[in-house]
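Heads up: the structure comes next, in structure tokens.
The values are calculated or read from the model by the stated rules, or taken from the named source; none is laboratory data. If you're wondering where the values come from, they're calculated on a predicted model, not measured in any experiment. No Cβ is skipped: glycine too gets one built from the backbone with ideal geometry, and neighbour counts run over all protein chains shown. Note: accessible area is taken over every heavy atom of the protein model, side chains too, but ligands, DNA and RNA are not part of it. Shrake-Rupley method; radii C 1.70, N 1.55, O 1.52, S 1.80 Å.
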Amino acid sequence: MATLLYVKANPKSDQESRTFRISEAFINAYRKANPGDQMITHDLYAENIRPITAEQLQTRYTPKDESVRQHPIYKYAYEFKTSDKIVIAAPMWNLSFPAILKCYLDYIMAVGITFQYTENGPVGLCQGKKAVHIVTRGGVYSEGPAAAFEMGDKYLRVLFGFLGITDFTTIAAEKLDVIGTDVEGVIAEAIKKAENKGLNF
Ligand SMILES: Cc1cc2nc3c(=O)[nH]c(=O)nc-3n(C[C@H](O)[C@H](O)[C@H](O)COP(=O)(O)O)c2cc1C
């Protein structure tokens, strides 16, 4: 039995958010294909994820033993470490993703849990996991002149690579805020891709 971690970073509801329409299609397909798997869902806004505080930082370099597993600064990292598959659903905001997702990532990047330092530099401790990033964008950043400005998917890919996760897939629906776009058509296409991936993830 695998554990899938589903991280949602958007203040909108599942019905309002175009990103969540696609990610929910992924999740429904995944559930259908893997009814016995465990699923952990984090709606970062509902959980009111906040930036790390100075007090929380003080515990960052202390030894990690059983007693810190439920500490707010570590529980997300332990959970990430014990999950097999990760789904991140976040719209593009200001060339990246909503800041609340960065706050969450600051929690999962934990020395001694998700990565470690060695004589040869940092080494990821999350090898073998798979990740999917589901994103919608107002413009087009997957190709063309704005591709170099895209920093959300790129950042996630690099950060997850740092943790040892190299199986990283992006499902993007783009151009959704450009006048004349067949928005429902683009979303339907992305939902189809998400369902296929969800059935085979
Ligand atoms: C605060 C904010 C910032 C945004 N920044 C960008 C951006 O930099 N580039 C872009 O293409 N679209 C941008 N958008 C548009 C959204 O990415 C797009 O409308 C997306 O489909 C919204 O997803 P949602 O329906 O899941 O909220 C932004 C939207 C918001 C609300």
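Tabulated data for the structure shown
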{"item": "The chain: calculated mean residue ellipticity at 222 nm from DSSP helix runs of at least 4, using -39500 (n - 2.57)", "result": "-10500 deg cm²/dmol"}
{"item": "All-pairs Cα distance distribution in the chain, expressed in whole percent, bin size 5 Å", "result": "1, 7, 15, 19, 20, 17, 10, 7, 3, 1, 0, 0"}
{"item": "Stokes-Einstein D for the stretch 35-150, Kirkwood Rh over Cα pairs, 37 °C, 0.692 mPa s (µm²/s)", "result": "202"}
{"item": "For the stretch 70-138, projected area of the alpha-carbon convex hull averaged over all directions, nm²", "result": "5.6"}
{"item": "Mean-position separation - Cα centroids, the stretch 1-78 and the stretch 128-171, in angstrom", "result": "18"}
{"item": "Helix 18-33 axis, angle to the chain major axis (alpha carbon atoms, nearest 10°)", "result": "70"}
{"item": "Per residue accessible area of the chain, 1.4 Å probe, in Å²", "result": "50"}
{"item": "For the chain, the longest site-free run once GluC sites (Glu not before Pro) in DSSP loop states with at most 15 other Cβ atoms within 10 Å are removed", "result": "48-118"}
{"item": "Percent carbon-and-sulfur accessible area, the chain, ignoring ligands, DNA and RNA, probe 1.4 Å", "result": "53"}
{"item": "The stretch 71-201: antiparallel DSSP beta bridges as a percent of all, rounded to 5", "result": "30"}
{"item": "Rg to Rh, two decimals, where the stretch 82-201 supplies the alpha carbon set and Rh follows Kirkwood", "result": "1.02"}
